[in-house]
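Step one of this worksheet: look at the structure below.
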Amino acid sequence: MTTTTKQPLSGLRVIDMTTNLAGPFCGQMLGDFGADVIKLESPLSNGDMTRGIGPMQQPSVSWHFAHVNRNKRSVSLDIAQPEGREVFLKLLADTDVLIENTKTGSLEKWGVGYEQCLKEKFPSLIHCAISGFGRTGPYAKFPGYDAIGQAYGGLMSLNGDPDGDPVRCAYYIADASTGLHATIGVLMALQERNHSGLGQFVDLSLVDCTQVLQQQYVSHWLGGGDACIPTRVGNRYPAVAPADVFATQDGYINITILKDHQFVKLCSALECPELAEDSRYTTPQSRVENYQALTEQLRPMFQQQQAEPLAERLLSQGVPAAPVLTVPEAMQHKQAIARGMLIEKDGIKAQGSPIKLSRTPATISRLAPRFGEDNRAVLSSLGLTEKEIEALEKNRVITEGN
């Protein structure tokens, strides 16, 4: 088999001027596979606000920031100033992809909007814009964060117990989905550019990227109308049974039974084979119809078991089951370790990439940068002299953190 030392995105230049999670996550994935990602940060706000959120890895680098900003260089640049915009345009001259999540209209205010300037000046540039509601529509100029995406996207209405309040998904799923879709959009635009030679505008919305995760619920509503409006069901999966979370001696276990033979094996493992012969539970439909009675019979049996040993016994017999792990338990689980999901770089532990390419895997070439750490290296590569760089520093067009 032919091998190569180059990563899939080697030679690709990306300017990442995003903050928080969605945009940085996109830039991180591109950087993990070899793209040269330059994180452009504003001196006015001392960089990405997430630098200071949560436990700190080093000064100006929180652990959250470190994860989604690895494999990047940092340049501080105030593009609100004319001198900053000049440097910004010089950077874009050799850039393939620009990722930004500025407020709709901000780049236009500074004279560097896509249709206004960048499309003509850099025809091969792929400009990926991330925002709460997208760059079109009546809400285009409104701000939006993850929870807003979950609420407006419909997801929050589905999360929680049936008789409880809507619940925000604990993780930033709207941000994460948008970061993933932004990466896909950028890669598709790059592939199309191979044919046309032209870049294009890639428009991502937190709300859109939350809605698209709910294909099954949306399709049920489209097909069934008001009679099929999705509602909260808690941990239960209403189409099959048993499919729920059950308490055990030492925690919780999730069970999802789709087929009859799986139910027979579950009953055998719980030492209640007679349930599999009960006429109320012999078919998938009858188990759904008698879900409440079945669940009440199963709960005390699960409470006699330990979660992980039971899950492993069931899995080995082809029955879908999983202990409900905490984040540390999940990351340190033998399966996660075997899959390379917990890795180390320069003595710092980090989460691995879930994308496993056989010849050109993801790598961490460098840890997350300090604010403005690469100002001089990047600006010098653009042809700026030391005197010009010092002038930018004096006028606070660029700054460097500690």
### Message
Anything in segment 329-362 that is at pLDDT 95 or above, farther than 17 Å from residue 30 by Cα and among the β-branched types (Val, Ile, Thr)? List them, or say none.
### Response
337
### Task
Those residues that are buried (at least 18 other Cβ atoms within 10 Å of the Cβ) and among the aromatic types (Phe, Trp, Tyr), I need them from segment 235-253; list them, please.
246
### Task
Might you let me know whether segment 331-341 holds any residue that is among the small types (Gly, Ala, Ser), farther than 22 Å from residue 400 by Cβ and surrounded by 12 or more Cβ atoms within 10 Å (Cβ to Cβ)?
yes
### Query
Out of all the residues in segment 164-171, is one or more more than 30 Å from residue 292 (Cβ to Cβ), assigned by TED's automatic domain parsing to the domain that holds residue 95 and surrounded by 14 or more Cβ atoms within 10 Å (Cβ to Cβ)?
no
### Summary
The condition of being touching an Asp or Glu at 6+ places or on another chain (Cβ under 6 Å) and hydrophobic (A, V, I, L, M, F, W, C) holds, among 130, 99, 126, only for 99
### Task
Evaluate the following for residue 176: is it outside any loop (DSSP other than H, G, I, E, B) and within 23 Å of the chain's Cα centre (by Cα)?
yes
### Task
Please state which one of 112, 37 is in a strand (DSSP E or B), in contact with a Lys or Arg (Cβ under 7 Å, 6 or more places away or on another chain), in the same structural domain as residue 148 (by TED's automatic domain parsing) and among the aliphatic types (A, V, I, L, M).
37
### Query
Which residues, taken from segment 313-330, are over 17 Å from residue 257 (Cβ atoms) and among the charged types (D, E, K, R)?
329
### Query
Is it the case that some residue within segment 155-165 is farther than 29 Å from residue 9 by Cβ and of a type in the set (Ser, Thr, Tyr)?
yes
### Query
Given 99, 148, which one is crowded, with 17+ Cβ neighbours inside 10 Å and under 18 Å from residue 189 (Cα atoms)?
99
### Query
Under 8 Å by Cβ, and 6 or more places apart or on different chains, what pairs join a residue from segment 265-293 that is without any contact (Cβ under 8 Å) to a residue 24 or more places away in the chain and farther than 11 Å from residue 241 by Cα with one that is surrounded by 12 or more Cβ atoms within 10 Å (Cβ to Cβ) and of a type in the set (Phe, Trp, Tyr)?
275/281; 276/263
### Message
Here is a list: 106, 62. Which entry is hydroxyl-bearing (Ser, Thr, Tyr), assigned by TED's automatic domain parsing to the domain that holds residue 390 and under 25 Å from residue 133 (Cβ atoms)?
### Response
106
### Query
Taking only pairs six or more apart or across chains, which ones have beta-carbon atoms under 7 Å, a first residue in segment 158-174 that is closer than 15 Å to residue 214 by Cα, and a second residue that is buried (at least 17 other Cβ atoms within 10 Å of the Cβ) and among the hydroxyl-bearing types (Ser, Thr, Tyr)?
158/217; 174/210
### Task
Please enumerate the residues belonging to segment 298-321 that are crowded, with 18+ Cβ neighbours inside 10 Å and not β-branched (Val, Ile, Thr).
298, 302, 305, 307, 308, 310, 311, 314, 321
### Task
Could you tell me which of the residues 290, 254 is more than 24 Å from residue 333 (Cβ to Cβ) and of a type outside the set (Ser, Thr, Tyr)?
290
### Task
Could you please let me know if residue 270 is buried (at least 17 other Cβ atoms within 10 Å of the Cβ), farther than 30 Å from residue 113 by Cβ and not polar (S, T, N, Q)?
yes
### Query
Among the residues of segment 194-207, which ones are surrounded by 18 or more Cβ atoms within 10 Å (Cβ to Cβ) and assigned to a helix (DSSP H, G or I)?
206, 207
## Note on the structure
The residue that is farthest from residue 95 (Cα to Cα), considering only those in segment 40-84 that are touching a residue at least 40 places away in the same chain (Cβ under 8 Å) and hydroxyl-bearing (Ser, Thr, Tyr), is 60
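The values are calculated or read from the model by the stated rules, or taken from the named source; none is laboratory data. Everything quoted here is computed from the prediction, not taken from an experiment. Positions of Cβ are generated from backbone atoms using ideal geometry, with glycine treated the same way; all protein chains shown enter the neighbour counts.
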